[in-house]
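Below is one structure, written out as structure tokens; the observations come after it.
Rule-based calculations on the coordinates, nothing more; no lab input. If you're wondering where the values come from, they're calculated on a predicted model, not measured in any experiment. For neighbour counting, all protein chains shown are included, and Cβ atoms are generated from backbone atoms with ideal geometry for every residue, glycine included.
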Amino acid sequence: MLRSYLIALSIFLCFATATVGQTIYGVVTDENGDPFPGVVVSVTASNKGTATDFDGKYSIPLTPGKHLVEFGFTGYVKQTKEIQLNEGAELKLDIQMKSDVITLDNVEIIGYGVQRNRPNTGSVSRIGGKEIAAIRTPSFEAALQGQAPGLQVSQASGIAGAGSLIRIRGIASISAGGDPLYIVDGIPITQDYFLRGNSGALNNNPLASINPSDIENVEIRKDAAAAGEYGSRAANGVIIITTKRAKEKGWKFDFSTNFGVSTPATLPNMLNSAEYLQLRQEAWQNDGGTGFVWLPNLTSADDDAATRETAYLKAQKTDTDWVDQTLGTGSKYGVNFGARYGAAKSNVYFSVGYDNNESFLVGNGYERISARVNPEFKVTDKLKANLSLSLTRGINNRVDAAWSGGLGDAMSNALPYYPVYHTDTVFGDNGDVLNVPGDYFFWRDEFGFTKNPVAYQNEIDWKTIEDRAINTGRIIYMPMKDLFVIATGGFDWMSIRENKLTPATFDLSNGFGSAYSDQRLVRNYSYNVTAEKLFKLREELVLSVLVGHELQKSRTEFISESWNGLFDNVVELSDVGSADSLKIRSVSNPEQYAFFGFFAKANLSYKSKYYFEAAFRRDGSSRFGKNEKFGDFPSLSAGWIVSEEKFLKGKSTLTYLKLRASWGLTGNSNIPPLSQYSTFSRVDNGIYYNQNPILFPTQAGNPNLKWETSSNISVAAEAGFWNDKLTFTLEWYRKYSTDVLMNVSLPASVGFSNFYDNVAEVLNSGVELGTTVYWINKRNFTWKMITNLAYNYNELVDIGAYTPDAVSGGTNDSRVIVGEPIGSFYLVEFSHVDSETGLPVYLDLNGNETFDYDNSIRKYVGDGLPDFVGGLTNQLTYKNFTLTSLFTFSVGAKIFDSSGKRQMGVVSGWNMRDEIFDRWRQPGDNSVFPLLTLDETTYSLPSGFPWWNTSLFMYDASYLRLRNLSIDYMLPVETSKKMKMDNIVVGVSVTNLFTITNFPGLDPEVVRDFENPQDRNLSPNVTYLTPMQERSYNIRLSANF
Amino acid sequence: MKNLRYMFFLFVVAASTGCEKFLDYPPEGAILAEDALNTPDDMQRLLNSCYDVLANVFDGSFQNMAELMSDNMALPNGLDLQAIYKRETNFFTPYTGGVYSDFYYTIFRCNTLLENFDLIEGLSTSDRARMEAEARFIRGFCHYYTAMLWAQPYGYTTDNSHNCIVIRKEATNLPLARSSAAEVYAFILADLEYAYNNLPEVNSVYASKFSAAGLLSMVHFQMNQYSTTVAYANEVINSGLFQLNDTIDHFPSIDSLFIALPNPETVFGIVSYQNDVRTDEFIGNYNSAGALPPALTLSSTFNSLMNQNAADQRKSWIEQDGSLYLSNKFKGKTVFNVPLIYLTELKLIRAEALGELNTDLSTAISDINDIRDRAFGEGLNDLSQGSSASQVISAAREEYRKETVCEGKWVLQLKRMGAKGENIMVRNAPWDCPGMALQFPNSEFTGNTFVGNAEGGCQ
């Protein structure tokens, strides 16, 4: 298999070596007409760019058509030129830079301040909207994978609307949210993954409602210098999303559409009926049973031999492939239309989009309908205002997954001898007809729940409807030269309504249906005001000072309506209204929090080669105790463009070199809003004990809660060789987090289950390398290769007087273990199968072999954090064709297959995977799995506890994946012109074409559903019946006119 | 530079001024702890909430666990219940963990009440004394029953230095180590004696002076201290406030809405109402649900014991279904009160204690015959006057086991007898095998000082 991949890769690379393309080139000079080295030349809406060499020269290969080319340098006005590049043409474009007098017309704002296109002292990766839109993913953030060093993106499962897991430079938080801060058009958005808990084994994805086609660019800010201006919320990095605006005069239109199909990227290897029955029989006989084994939902161990035999023989006649019943072929369709209009005093960007992603899970799909208007008005020569208004509706047609059912059932309690439908008439004890042929066959799982995934996917009416409006407004006032006052306000409104109707069919006892409609309503207000002044202190010494103030307030309301006892004529959600008399409505207490901060930043540049920046924030959060609400977050950074020094200037090999370093404190306050408070609840309704009211404590608060703080040090070198044919960034960082918030499990004898405390210390340290190489840069042929690689070391340094069990990752077996990474697996270590007895052999805490499974010998056995992650992008352009491939990889992480312990453990009411064939059968056997048994105590597990939490089910999760492979073809300009288009591009792509891994389960890259932020932090790479990722095949068409 | 100085000045002023009020977001719909307890009514409500949790623990949850550890039960259905029966609980067993937590949740509320009297204005001295005594009664009650299941009994070691349970005398979050049995029992007795000395003789359905006396009698009996057992039992029995039921049913149904009908022999117990049923775990586990057998059924050995005498009306508590012996104690019932300290039990432990003391055997025989007369009919199976002390003890134990079946009391006696030095085997395992003390829940181990019970069952 691997060989064929390598051959394919070789062909791919060979193809790359025989091509040519169009080029733009020229010389950039300063105001005196002298060559201007180091000017950044970039082509918007593409990832292409370079910097001028010592002689001020530059050259960029481009595709034919219209392009916007930008020229920027600190202290100089950014210049933008629109060019028309014909096929095979070389266009010379010389530019003279003008000193930096920023006007309302050219001001660009990213983050809080005016973007001067200066060489930054911090670690920032910028990804263009085009790169994001090029990869067909269920949610835009998934397209960031492999695009920037230090950015770890774990893809979501194939459930429509599922979100990815993003980590920037490891994980520093334990119980507080560990995701980066997301800023959209200047405001922090609501990013709560747990608004719906994990109902149906799917967390909320707050990013799903953002239309990738609206994104101009995404900035990843990693170190204290770059993220420092968001200091108190930037402990886990910042992702800044900027949406599109009109930049050119007149009308411009964009249109794009795509079609695709998706299939499961991999399939589980469940046993068929004959195999399952055979293994179950073997287990029964190993346990000393005689005759035929009893079968779940057909017989019990107490039944006589004849009854068991009859059932067994009957079971042999049915063989249902439940996985096949729950999987299908998904379809994708999307269309986006954008319009831009620019005039002297105003401009506007407008877009509408529709996207429909029917996943490969039968009955599951996510539809997004979105609209955006981004207008901008120049009110006076000193005042400009703009708005970013978006409205999105996401409709998720839900099915159960993982532990909740559906495919999860198909991989667990749906035994192959269960039929989908009854084939015979079933009579009750009194002769009543209970079922007729064609009725669903229902069974009960070990928890007593009624099951049949086909019935659920066909009959349950279940939708999650998300309405979202992310709106910002900004006023930019320039009262005098070089002074900007910017006020940004935002209102992020989100309504998530989950409607579910379970028809009467599923209530086997009473025959009643039920329904619920839960709504979560989030209103998130924020504003920030900044004033920024540029001071030219003396020749070539420029000081920029910014002060600002920020405020945010969020309120989440919970409204629940339920109907129980619905009759069987209620089969659709629309029928529920007729049952108003059965409705129970409850409104839970809202959750609110507020954030408040002041900040200042000063940036000093000297001779355009020495840069210093100092920033300071003082932020307050309502989440913390009375005396601990405010925290201080300073940062310092410096940059030195060494290549501007005389001893390097003019070298032909090393044409660009910058060194930068930064230190700063960042923070995290992302915990439940009321954790600080000890609270009571009063119930006056008189149905409490002895019909008397009660008053009782409800929460153990912690009035001393304070900011979780990370101290960040970062040192980096950025270099360009041979006129930037090779560029690289090498960066080392160390992030030491203290007062890390832990939702500590209190001893049960306290009387409360949990409370938050600042307890832990966490170290993240690593190295990141990013390179871009133009292997070939000919007129008609270019080959660009972008590589990024990140190594991260994570260690939980201290958790005070607590033990590993003080904090756990939900139902997963991840714990906090001092000296090991966050998200370590705490399991009984499995050694081998004893070849004489077939029993499992464990290792105790001292490494001695034992047959006794005991929770007291649990220990660190591995962790889910990779040592290395990275991506490799190759982009080859031949004439009008562009071939792009993106490989992603992860090395060193372990994966705990938490459902494997049931699928390949004690033989039970779960179906098994065919790896179990390698089990012990007779003395002398050397096998992976021990002898089969129906009795968990055979493996020394506690009675009634078949959850075999051993390292046997922990695997190497290293992988190499062809994440995306696409070919685009741009129609010749003449052809486009004839069609009155600027350019037309058609393309095909495939995602997840193959994965090379040793992991025997479904997918080594997994993001399961999580119970809470703590679980999300602690349990990466734990899978529990989690659906596989999708493989999609897509065709797309885009046109600009 | 003038501008710079101005901006800096503005920033410093703004930052130092802050806006703390904006960040003050007290929870809506909840009461801050500092605002919660102000009036006598607040304290009374808090006290009622202690009973509220206690009622959830004794809705059959505790009783089922304890009964499964005895030899009265057959192998149950359900993984958790089986783990208890097989004496193989571990710290992931949710059923036992939930009951354990609820005991301490009750204790936390009691401690909160005990620590906040000084905040209350207008609380009369007598009410304060009563509330304090009730809280200490409940605290002692909870510690006692926790010690019964999660630790080996008093007398397991000669000096009672063995690990018992965590003593919680303050409402704090601190992890604590387990105390010795000697310390735990001393603490329980101190609480109960305080309650005995400060509670009124009559206190509605809540703890009274005689509730404390009854529990003190039971605790001393558990400690094999017979004189004090008798003394406290006498207090209750001789009070004249309690009469034996006419029927064998300790759990008469309540049919009338909002009318609590405590069993006349109940000294302390849990009350239910039609709109507040506190019997779910009895009903849910002992009664059949449709065609499915109940989770809990009785053992054949217990069935044999009940069938020794054809005249024993208590046989009707058992219904045979194939190889299963179903308990009828709760059949057809939905709402009933749950007696926790009652006259039948106190008479039988007084009888046994007198037998152990070999004194006043006539009272002991009279106590036993009171129970037998009700079960068999007047004089039909009486223990003869002149019976020996050992005959008294044997008869008292037999009646105790029969009367209290499904109530989780018998295993306590098995442990007590074992600690006393008798050769007690419980379903072929010694009374003090590791599984006879339940494993503590996982979260108890979050502190470094906690030592759990040995696991591995009783094989």
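Things to note:
- Once the gyration tensor of the Cα atoms in the stretch A:162-288 is diagonalised, the equivalent ellipsoid follows with semi-axes of 45, 25, 12 Å, ordered largest first.
- Debye-sum result for the stretch A:316-390 in log10 I(q)/I(0), which assumes one identical scatterer on each alpha carbon, at q = 0.11, 0.16 Å⁻¹: -0.52, -0.72
- Summarising the overall dimensions of the stretch B:94-145 from its C-alpha atoms, the Rg and Dmax are 13.1, 43 angstrom.
- Cα-only radius of gyration and Dmax that characterise the stretch B:311-459, units Å: 18.8, 60
- Between the residues A:G328, A:A339, A:V352, the greatest Cα displacement towards the positive end of the dipole of the stretch A:317-376, with unit charges on the Cβ of Lys, Arg, Asp and Glu, is found for A:A339.
- Unit charges at the beta carbon, dipole of chain B: most positive-side option, B:Y273, B:N234, B:L81: B:L81
- For the stretch A:947-1023, alpha-carbon Rg relative to the globular expectation (2.2 N^0.38 Å, N residues): 1.90
- Computed P(r) (all Cα pairs; the stretch A:831-884; 10 Å bins; percent): 17, 25, 16, 12, 11, 13, 6
- Equivalent ellipsoid dimensions for the stretch A:574-634 as semi-axes, Å, which come from the Cα gyration tensor, largest first: 52, 19, 6
- For A:K980 and A:D439, a Förster radius of 45 Å and the Cβ-Cβ distance give a FRET efficiency of 0.15, rounded to the nearest 0.05.
- Semi-axis lengths, largest first, of the ellipsoid equivalent to the stretch A:908-1041 are 51, 18, 12 Å, with √(5λ) applied to each eigenvalue of the Cα gyration tensor.
- Chain B: angle of helix B:40-57 to the longest principal axis, Cα-based, in degrees nearest 10: 50
- A viscosity of 0.890 mPa s and a temperature of 25 °C, combined with the Kirkwood radius over Cα pairs in Stokes-Einstein, give a translational diffusion coefficient for the stretch B:21-99 of 153 µm²/s.
- Förster radius 25 Å - calculated FRET efficiency between A:W732 and A:E70 (Cβ-Cβ, nearest 0.05): 0.25
- By the count of other C-beta atoms within 10 Å, a proxy for reagent exposure, A:E498, B:E115 are ordered fewest to most as B:E115, A:E498.
- The tail of the calculated P(r) for the stretch A:383-471 beyond 19 Å holds 59 percent of all Cα-Cα pairs.
- Debye equation applied to the C-alpha atoms of the stretch A:307-355, log10 I(q)/I(0) at 0.16, 0.29 Å⁻¹: -0.73, -1.02
- Inter-label distance, A:V261 to A:V335: 2.2 nm, where each label sits 7 Å from its Cα along the C-beta direction.
- Tail weight of P(r) past 19 Å, computed on alpha-carbon pairs of the stretch A:137-236, percent: 44
- Counting only Cβ charges, +1 for Lys and Arg and -1 for Asp and Glu, the dipole size of the stretch A:476-609 around its Cα centre is about 1100 debye.
- In nm, spacing of pseudo-spin labels at B:L119 and A:R682 (7 Å Cα→C-beta vector): 1.3
- Its relative contact order, with pairs defined as Cα atoms under 8 Å and 6+ residues apart, puts chain A at 13 percent.
- When the helices of chain B are scored as -39500 (n - 2.57) per DSSP H run of n ≥ 4 and the total is divided over every residue, the value at 222 nm lands at -15000 deg cm²/dmol.
- Label-point separation in nm, A:V797 to B:N381, each point 7 Å along Cα→Cβ: 7.3
- Among beta bridges that DSSP assigns inside chain A, antiparallel share in %, nearest 5: 95
- Computed over the stretch A:650-789, the P(r) curve from all C-alpha pair distances, binned at 10 Å from the origin, holds 10, 21, 18, 15, 13, 10, 7, 4, 1, 0 percent per bin.
- Magnitude of the charge dipole, the protein assembly as shown, Cβ model with Lys/Arg +1 and Asp/Glu -1, debye to 20: 7580
- Pairwise alpha-carbon distances in the stretch A:520-567 exceed 17 Å for 66% of all pairs.
- Here the residues A:E708, A:E795, ranked from fewest to most Cβ neighbours within 10 Å of their Cβ, fall in the order A:E795, A:E708.
- Pairs of Cα atoms nearer than 8 Å and 6+ residues apart set the relative contact order; for the stretch A:755-884 it is 25 percent.
- The stretch A:260-369: trypsin sites (Lys or Arg not before Pro) in DSSP loop, at most 16 other beta carbons within 10 Å: A:K317, A:K345
- Taking only the Cα atoms of the stretch B:179-288, the radius of gyration and Dmax are 16.3, 46 Å.
- Full extension of the chain between A:L1037 and A:F253 gives 280.8 nm of extra length, using 0.36 nm per residue less the Cα-Cα distance.
- Dipole axis of the protein assembly as shown (+1 Lys, Arg; -1 Asp, Glu on Cβ), positive-most option in B:A437, A:S652, A:A410: A:S652
- A quarter of the convex hull surface defined by the alpha-carbon atoms of chain A gives 45.7 nm² as the mean projection.
- With contacts taken as Cα pairs under 8 Å at a separation of at least 6 residues, chain B carries a relative contact order of 21 percent.
- Principal axis dimensions, largest first and in whole angstrom, of the stretch A:55-94 by Cα: 35, 21, 13
- Normalised alpha carbon radius of gyration of the stretch A:180-240 [divisor 2.2 N^0.38 Å]: 1.26
- Quotient of C-alpha Rg and 2.2 N^0.38 Å, computed over the stretch A:895-941: 1.13
- Between B:S204 and B:T172, the FRET efficiency estimated from the beta carbon spacing at R0 = 45 angstrom works out to 0.90.
- For a modelled paramagnetic label at A:Y354, 7 Å from Cα along Cα-to-Cβ, the residues of the stretch A:365-400 in reach, with backbone nitrogen under 19 Å, are A:365-373, A:391-397.
- Residue order, fewest to most surrounding Cβ atoms within 10 angstrom, among B:T229, A:T307, A:T882: A:T307, A:T882, B:T229
- Viscosity 1.002 mPa s, temperature 20 °C, Stokes-Einstein D of the stretch B:118-159 from Kirkwood C-alpha radius, µm²/s: 168
- Helix A:273-286 axis, angle to chain A major axis (alpha carbon atoms, nearest 10°): 60
- Against chain B, whose longest principal axis comes from its Cα atoms, helix B:410-420 is set at around 80 degrees.
- The stretch B:53-190: translational diffusion in µm²/s, Stokes-Einstein, Kirkwood Rh over Cα pairs, 25 °C, 0.890 mPa s: 149
- In the stretch A:950-1041, trypsin sites (Lys or Arg not before Pro) in a DSSP loop with at most 14 other beta-carbon atoms within 10 Å: A:K980
- Reported value for chain B: 194 Å³ per residue, from the convex hull of its C-alpha atoms.
- Segment A:Y969..A:F449, full-extension length gain: 181.9 nm, with 0.36 nm per residue of separation and the alpha-carbon distance subtracted.
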